[in-house]
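Readers should treat all values here as calculations from the given coordinates under stated rules, not as data from a laboratory. From a predicted model like this one, the values you see are computed outputs, not experimental measurements. Cβ atoms come from the backbone with ideal geometry, glycine included; neighbour counts cover every protein chain shown.
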Amino acid sequence: MSLQNNLINAGRKFVEQSMNSSKAENNLRYLQGDNKATSEYIYPNQIEDAHNIVNKFYYNNIRVISIQKKTKVGADGLMIQIAALCATHIDDNFVIKPENIRIITGMSNAGWEKDMIDKAPNCFKKNIFHHGKLTKTEIVNLQNALIIIDEIDTGDKEHQRLHTTLKDAEVLDIEHMKKNNIKFVFISATMIRELYDLYRWGEYHELYKMTIPESYIGHIDFLEMNIVKEFYPLNTIENAEKWIQDDILKNYNLDYRVHIVRVNTNCINQIQNACIRNNIKFKNHTSTDRLSDEEIKELFNEPLTRHIVLAVKGFFRRANLIPNCWKRRIGSTHELYTKKVDNNVQIQGLTGRMTGYWRNVIENGHKTGPHRTSIKAIKEYEKSYNDPFGIYSYQTTGFNKKKDKVNTKSTMLSTKNIKNLEPVDLPTLHQKGSNPINIIDITEKEKEQFNKDYILNIIRKHDENIYDKYKEYELHCWKMDTSTKCEKWNLKSMIKKDAYSSEANIKDKTKNTLMIYLYENKLIISPWSGNEYLKHLNEY
């Protein structure tokens with residue numbers, strides 16, 4: 001056996017023993033009551049997902065797999081398992097040396113780095129870096145490597161440190177990736193903007209959605225169970241008092257809890273004064289007035305003799321874990337109200353921190369909430385998660401989608417930043433209810449018969465399939481015989497190649513409607529499926 005084979009086998013053993021050691025250590029810590037230890041080091045759903053993802057790399061010509069997940073569904077274990085499977089793969093031509101694996105993030109979050117290093121097996125601990133340490137990643141001249149980027153939608157703007165780190169290493173180049181066998185995994189619960197960039201990578205990219213076990217409870221479940229409620233500004237005496245009374249005192253009475261509210265300078269004094277008036281203990285946890293780890297642990301472990309409001313600023317956002325035993329102690333939460341809602345911020349905020357693997361606790365009667373955030377953000381997020389390229393609205397920093405219109409700022413993943421990439425077009429978006437427009441040339445005699453009594457017979461004569469498909473639709477006939485009408489009903493859009501119908505001129509969008517326009521010697525057949533539109537309207 002060659003030295004190279006011996007090195008590969010030694011690397012496999014090193015990773016296997018490191019994983020076994022970490023599993024044993026996690027189990028010991030869990031039994032000792034460590035809040036950050038879990039009942040399983042890597043859960044079955046994470047193991048299954050990791051196998052599926054590694055197999056996609058193994059059997060396909062993919063350079064990037066983006067992993068879409070729900071908040072607090074367990075990405076840390078998944079990342080470790082993907083790394084371990086790549087580093088112990090049975091195929092010597094595919095296996096990746098542990099020193100060639102990186103787990104990084106564009107977040108400026110030393111806590112994420114510490115938690116990942118603490119959890120990761122010894123074989124990967126030196127390869128984990130957050131934003132502040134990206135200059136130490138040593139990815140220049142890296143070959144046969146795997147680069148995992150957590151929370152990809154944070155810090156991935158053009159010319160930010162994550163971008164410059166990858167660009168300087170020349171890995172944002174399809175030919176470089178292929179020549180040097182570089183693979184990427186991107187992970188986030190809120191990566192809609194990045195998915196629009198990555199779709200254009202064509203065959204080099206694939207989307208994977210993490211498995212959601214039955215024990216998980218998320219935003220849409222909270223909404224359906226009336227645990228989530230609409231947020232509102234707390235910058236007035238009246239509203240601060242209302243939150244204290246309705247969500248805390250009347251809701252929990254003597255069941256003392258810790259209640260978390262996100263604050264800014266406009267509302268913090270109002271909330272603190274309301275707490276003083278109602279004999280509620282008020283604590284700050286901000287960058288300028290930060291609680292120690294011990295003080296935070298006391299809040300969630302020591303007996304409570306009255307309600308506590310914890311005002312946070314800059315904490316309890318994405319990648320921050322609230323253990324289940326702490327969640328039991330938390331009562332209500334209130335995310336910072338903003339007139340212009342950033343969906344990603346709301347999803348990753350306090351309500352997102354309360355999601356996770358404790359469905360059975362809540363379904364067995366444990367009281368939690370209300371968790372106040374933007375209900376609209378939750379509904380739009382759920383639609384985007386289920387169908388990233390569907391028709392809906394979505395707003396976050398650098399990305400604004402209104403139905404089928406998308407405005408987005410470039411990220412490091414945009415095609416202009418990827419060398420040697422031949423981008424594919426984005427999918428064509430069509431509003432629910434719209435259908436392809438068909439145009440039929442008719443004779444002068446048929447033109448004279450343009451009315452409700454004869455029009456379907458004319459269509460049937462020219463195209464039996466169109467007739468059969470739409471003969472039961474409510475029929476409306478219109479003559480485009482003036483320039484005003486042509487402009488009003490948007491003739492130019494209708495006669496374009498591959499045009500689809502729109503809401504134009506439709507009075508009731510919930511009905512199946514067949515709009516037929518006569519323009520010169522052409523029948524423009526514009527069907528609207530109201531049942532499809534209504535179904536979409538009633539979702540979530």
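Numbers at a glance
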item	result
J(HN,Hα) series, the stretch 519-527, from Karplus relation 6.51 cos²θ - 1.76 cosθ + 1.60, nearest Hz, glycine and proline x	10, 6, 10, 10, 9, 9, 9, 10, x
Surrounding net charge for Cys486, when Lys and Arg each add one and Asp and Glu each subtract one, Cβ distance under 13 Å	+2
Protection proxy ranking, peptides 407-413, 471-477, 340-346, average beta carbon neighbours within 10 Å, highest first	340-346, 407-413, 471-477
HN-Hα J in Hz across the stretch 434-445 - Karplus 6.51, -1.76, 1.60, θ = phi - 60°, x for Gly and Pro	7, 9, x, 7, 10, 10, 10, 7, 10, 7, 4, 5
MRE, 222 nm, helices only [DSSP H, n ≥ 4, -39500 (n - 2.57), over the chain, to nearest 500]	-10000 deg cm²/dmol
Positive-pole candidate from Leu350, Asn6, Leu426, dipole of the chain, charges at beta carbon	Leu350
Burial ranking of peptide ranges 213-223, 62-72, 134-144 (average Cβ count within 10 Å, highest at the top)	62-72, 213-223, 134-144
C-alpha center-to-center spacing [the stretch 230-288, the stretch 330-373] in angstrom	16 Å
Positive-end residue of Pro303, Gly365, Ile268, charge dipole of the stretch 219-383 with Cβ unit charges	Ile268
Packing-based order for 4-17, 377-390, 180-193, using average beta carbon neighbours within 10 Å, highest first	180-193, 377-390, 4-17
Cβ-based charge dipole, the stretch 3-209, positive-most Cα from Val73, Asn20, Ile139	Asn20
Backbone HN-Hα couplings from phi across the stretch 66-72 [Karplus 6.51/-1.76/1.60, Hz, Gly and Pro as x]	9, 10, 8, 9, 9, 4, 6
Cα centroid separation - the stretch 80-127 against the stretch 195-217, whole Å	20 Å
Residue pairs, from the table Lys69/Lys281; Lys492/Lys535; Lys402/Lys432; Lys339/Lys402, whose Cα atoms sit over 25 Å apart	Lys69/Lys281; Lys492/Lys535
Assigned charges on the beta-carbon of Lys, Arg, Asp, Glu; the chain dipole about Cα centre (debye)	1080 debye
Value of relative contact order over the chain, rounded to a whole percent, pairs C-alpha under 8 Å and six or more apart	13 percent
D_trans [Stokes-Einstein, Kirkwood Rh over alpha-carbon pairs] for the chain, 20 °C, 1.002 mPa s, µm² s⁻¹	80 µm²/s
